[in-house]
Number of protein chains: 2
Amino acid sequence: MPYRSPVADFSYVLNNVVDFEQVLQSEKFAEADGDMVSAILTEAGRLCDDVIAPLNRGGDLEGARLENGVVRTSPGYADAFSAIAEGGWVSISGDPHYGGMGLPMTVAAAVNDMMSGACIALQLNPLLTQGQIEALEHHASDELKDLYLPKLMSGEWTGTMNLTEPHAGSDVGALRSKAEPNGDGTYAVSGQKIYITWGDGDFINNVCHLVLARLPDGKPGTKGISLFMVPKYLPDDNGNPGEANSLRVVSLEHKMGIHGSPTAVMEFDGAKGWLVGEKHGGMAAMFTMMNNARLMVGVQGVGVAEAAYQKALDYAMERKQGRTPVGDGDGAIIDHADVRRMLAEMRSEVFAARAIALSCAVAIDMGNATGDKDWIARGAFLTPIAKAFGSETGMKVSEMGVQIHGGMGFIEETGAAQFSRDVRITAIYEGTNGIQSMDLVARKLMDGGDAACAILEEIERHAEAARAKQPRMAEAVWNARENLCEATEWMLNQKDLNERFAGSVPYLMAWGRVLGAHFHLKAACAEEGNGPRTKLARFYINRLLPDHASNLAYAMAGAEDVYALSAKDLSA
Amino acid sequence: MPYRSPVADFSYVLNNVVDFEQVLQSEKFAEADGDMVSAILTEAGRLCDDVIAPLNRGGDLEGARLENGVVRTSPGYADAFSAIAEGGWVSISGDPHYGGMGLPMTVAAAVNDMMSGACIALQLNPLLTQGQIEALEHHASDELKDLYLPKLMSGEWTGTMNLTEPHAGSDVGALRSKAEPNGDGTYAVSGQKIYITWGDGDFINNVCHLVLARLPDGKPGTKGISLFMVPKYLPDDNGNPGEANSLRVVSLEHKMGIHGSPTAVMEFDGAKGWLVGEKHGGMAAMFTMMNNARLMVGVQGVGVAEAAYQKALDYAMERKQGRTPVGDGDGAIIDHADVRRMLAEMRSEVFAARAIALSCAVAIDMGNATGDKDWIARGAFLTPIAKAFGSETGMKVSEMGVQIHGGMGFIEETGAAQFSRDVRITAIYEGTNGIQSMDLVARKLMDGGDAACAILEEIERHAEAARAKQPRMAEAVWNARENLCEATEWMLNQKDLNERFAGSVPYLMAWGRVLGAHFHLKAACAEEGNGPRTKLARFYINRLLPDHASNLAYAMAGAEDVYALSAKDLSA
């Protein structure tokens, strides 16, 4: 069976698990209501199922390629992108003043989830544009906004982000790209950038590059970096693409996955650019773009995991192999305990990661809607968790999907392996999951643990309330939260950040696990009787939640043992 | 830096961790001694480093392909295979009477580890032949042995195993291939087989297919299956390849990895075959071949993990990015706590999986050398653990290797992704890791837990003895063993096998973890002072060992929650 967007799942999570109603009740989103959101998700789901998903395998086989300076895109991508643009799906949460739908980020997250499950390589194109739209909304001059935002929101033009250079990856501050004032208010931008997602494409009228570069008086490090809008074609007096700018795609990378997404090496050779935001304030603007991109990368992991789950489920319900005395799968391999266990694990992981991502989106929406610093802090706290846990879930679930297919899983025609290869990048880009974890234990605990504690208290309150209906599950969640509190205390007590960093990844994974259990419990409590969501919650809380404890033991082991192993010890 | 075989690591593990001396002291292996083994490993390591490893990337880029019925192999494979054959590396543990080296399986495992790290796709060729040699040694008539074994051992001919059919994968008993007596003692074998590793290759003089098929009077299921030797070319009166047999390669699969290894769909159309072993006793013969193949697949996982670790380590010691106040890595990313943590985790996992595989090989050798049923049972018990834990380690470590490379890891030219794609198959073939786990909790506990308890007692004894030198680590291992004992009791008490199967994978993983900690502790105790092996053991026992507890909670959760989730619940 082909991919089908899990629209009903979104409705359940939005209505019963992540308190989305409050977003719709806010003044900012007064024009939206539940029925409208539901209709929008249904419509987006139809596009994903009917138009986008059928292109996924072809894009893997015939990836983007560079021919005489032109980036040829995969079969069908041009038409599908037109459909995405025409449906308004590039700018779900964009400002209506410039043509956006003005809907909550949460809705955009749900749509991105579905679209990633359908075809992550194509979905990256509107995703990058969405990030650029946000950065411009927050930081660009009115002139730039008026010129660029309508075209970006309509999908006429697309956006990229140009951070990385060969010697400046996670360490953005080491970048060498330069910007010289032209004297007319514009700048000449020069340098080489790598890993530029959708750096170009044959169906795109104009590619708008946001480029980080250093002005002549820019200090070394991140504080001397400015952000520039550098379009492929310079807009003419009517705002249409005019003269070609001095930039080009040097090459495209050969990647493990997302072959349909052209990953470019870009060369800027005195290209004309316009400053976005303050001089030397480029990192702030870039972070606006990157923060929501981080959430959306987590969402990509969830979407691919969903697709991998669906494929494995279909296979498990069709493939007959061996016999088992139990089960309702008509003798297909789903009746084998280990296969059904894997399917249950996959599904429960997808649910958990999805709920975490959507709860993060709700917090961001509430922050935007109310300006309340607690909501803003919560969104910021949940972002690295949503990114890393979502992408790890994508990798884990797609790998289990391969496993359920047995030998077929390793054969590319099956399509299971593609999910595993495609989703691998989500743990790396927009800041590796290691970087996310460092962000969590350092910057996101700089408030003394306020944001963390607020969430932990909410988990506690809900667990207390849930005792009446689901005493055993509530007790397990309550205890896990207690362990996570202690580990958070431990983190806060480490003045040497390296002590935190040596365990930051398992700490983040424990957060994902405990949050996942919390949301499963909420889903179960919202259900009548012992329904499928309650059973799934029980599976998750009984079987997967316990690993939070081993992750926390790892998290609190400190840095000494790690550095005790010298580089020489590790090389011997 | 290119791959370098970890010869010193083998020496340490063999001498200090897995009690290999007793194998050399046995009468069967009286002609071997430690110096000889050491020289052999050094020589094999040189071949792997200098001749085989340089071909690994080319085989990924230019995989095997079928051209007009001929399987064209990857660049350089023909010469490298000649070097393998000429060095005698196909038949390390083969019977000297037929030209084998007659060395312990443990030595073969170490060589296969190194050769998999160098190039798993090529190494699969001699690996399959080794399995066939063993099956023939145990089950074939003297006539077949005299004809085939010398040619297989010398590498003139190679061997394959033909089990799987489109509708008979894990459920071998469902196969449909037929064998009709020709009346002259030979049989006409017909059927289609899939996933035939190295089903053919342009540098191979003759491919010897061991084929499972059903005789006319064969019952349905596994008890009606017989095994046949079906060579590509029928040997003439002088034992040289003569007339072509009625078989052909229909196609080669497009796979996620191991592109250099031709995975064939084979068609047998009344091909002439000779019975191997008893009529209807094919499964027993095939299991001989498969059991050691299972251990060796675990070894493949370890070998690829080693190579992935080395590559990541080299990168982490060269790549400069960001700053950290500590570490001895000269400002390279190895100085970041999270990167060093990953490297330590990778290395400690490789050590654990390697020690488990080699201890399994030692048990098999001792079983062969002494005929002692306890040794035989121990080898049988450890085999599924070595296979599944070794392959999971391969996947985990190669994935961490990609992660350490950041964006570079996703770019195929780097080579890190290839390890991840190549090693993925090891969790699937020779019985998926799910099948291994079912084997562990069902067949391997049919002795009432004797084999399991013997190992657990040994762990206990060693932990007691280790208290003097390493009290904290010894206590942790002692406790973990206690938990594993309890879980084993729980498994034994489940009369309904599905109760065991619903948690068999985490149960197996916990075994791997506890055994890994035990061997780390042994390595630490054998070392003077606080050396690198002690520090690595401390890392593993502090940080990774705790997850045995969550895996055991999962293992003992039973089948009820799993089957409570109906097929419909999982599809909703």
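A few notes on this one:
- Conditions (1) under 26 Å from residue B:507 (Cα atoms); (2) within 24 Å of the chain's Cα centre (by Cα); (3) open to solvent by 40 Å² or more (accessible area, probe 1.4 Å); number of the one not met by residue A:472: (2)
- Residues of the stretch B:160-181 that are within 12 Å of another protein chain (Cβ to nearest Cβ), assigned to a loop (DSSP other than H, G, I, E, B) and of a type in the set (Gly, Ala, Ser): B:169, B:170.
- Any hit, the stretch B:141-155, residues being within 14 Å of another protein chain (Cβ to nearest Cβ) and either touching a His at 6+ places or on another chain (Cβ under 6 Å) or in contact (Cβ under 8 Å) with a residue 12 or more places away in the chain (or both): no
- Total residues in the stretch B:10-62 satisfying the condition of being of a type in the set (A, V, I, L, M, F, W, C) and surrounded by fewer than 16 Cβ atoms within 10 Å (Cβ to Cβ): the figure is 4.
- Filter pass, residue A:403 being in a helix (DSSP H, G or I), touching a Gly at 6+ places or on another chain (Cβ under 7 Å) and within 14 Å of chain B (Cβ to nearest Cβ): yes
- Screening B:271, B:264 for residues that are hydrophobic (A, V, I, L, M, F, W, C), more than 27 Å from the chain's Cα centre (by Cα) and buried (at least 16 other Cβ atoms within 10 Å of the Cβ) leaves exactly one candidate, B:271.
- Selected residue [surrounded by fewer than 21 Cβ atoms within 10 Å (Cβ to Cβ), under 26 Å from residue B:117 (Cα atoms), of a type outside the set (Asp, Glu) and in contact (Cβ under 8 Å) with a residue 40 or more places away in the chain] from B:394, B:431, B:415: B:415
- Remark: pairs (first residue in the stretch B:104-123, within 22 Å of residue B:64 (Cα to Cα) and in contact (Cβ under 8 Å) with a residue 60 or more places away in the chain; second residue polar (S, T, N, Q) and open to solvent by 10 Å² or more (accessible area, probe 1.4 Å); Cβ separation under 6 Å; 6+ apart in sequence or on different chains) = B:119/B:56.
- In the stretch A:440-452, the residues that are open to solvent by less than 20 Å² (accessible area, probe 1.4 Å) and in a helix (DSSP H, G or I): A:440, A:441, A:445, A:451, A:452
- Restricting the stretch A:306-338 to residues that are touching an Asp or Glu at 6+ places or on another chain (Cβ under 7 Å) and among the aliphatic types (A, V, I, L, M), the residue that is least open to solvent (accessible area, probe 1.4 Å): A:332
- Unique residue being within 9 Å of chain B (Cβ to nearest Cβ), part of a helix (DSSP H, G or I) and either in contact with a Lys or Arg (Cβ under 6 Å, 6 or more places away or on another chain) or open to solvent by less than 10 Å² (accessible area, probe 1.4 Å) (or both) when the list is A:357, A:344: A:344
- Residues located in the stretch A:420-439, provided they are at the interface with chain B (Cβ under 8 Å from one of its Cβ atoms), more than 25 Å from residue A:558 (Cβ to Cβ) and in a helix (DSSP H, G or I): A:420, A:421, A:424, A:425
- Just one of the numbered conditions (1) open to solvent by 10 Å² or more (accessible area, probe 1.4 Å); (2) within 25 Å of residue B:123 (Cα to Cα) is not true of residue B:297: (1).
- Filter result (within 7 Å of chain A (Cβ to nearest Cβ) and among the aliphatic types (A, V, I, L, M)) within the stretch B:317-338: B:317, B:326, B:334, B:337
- Close pairs from the stretch B:6-17: first within 15 Å of residue B:112 (Cα to Cα), partner open to solvent by 30 Å² or more (accessible area, probe 1.4 Å) and not acidic (Asp, Glu), Cβ under 6 Å, at least 6 apart: B:7/B:42
- Taking helices (runs of 4 or more DSSP H) as the structural unit, those lying wholly within the stretch A:508-572 and holding at least 2 residues that are more than 7 Å from chain B (Cβ to nearest Cβ) and either open to solvent by 40 Å² or more (accessible area, probe 1.4 Å) or not β-branched (Val, Ile, Thr) (or both) correspond to A:532-539, A:547-555.
- Between A:515, A:497, the distinction of being more than 24 Å from the chain's Cα centre (by Cα) and aliphatic (A, V, I, L, M) belongs to A:497 only.
The values are calculated or read from the model by the stated rules, or taken from the named source; none is laboratory data. Note that the structure is a prediction, hence the values are computed from the model and not measured. Don't worry about glycine lacking a Cβ; one is built from the backbone with ideal geometry, like all the others, and counts go over all protein chains shown. Heads up: the accessible areas ignore ligands, DNA and RNA and are worked out on the full protein's heavy atoms, side chains in. Shrake-Rupley method; radii C 1.70, N 1.55, O 1.52, S 1.80 Å.
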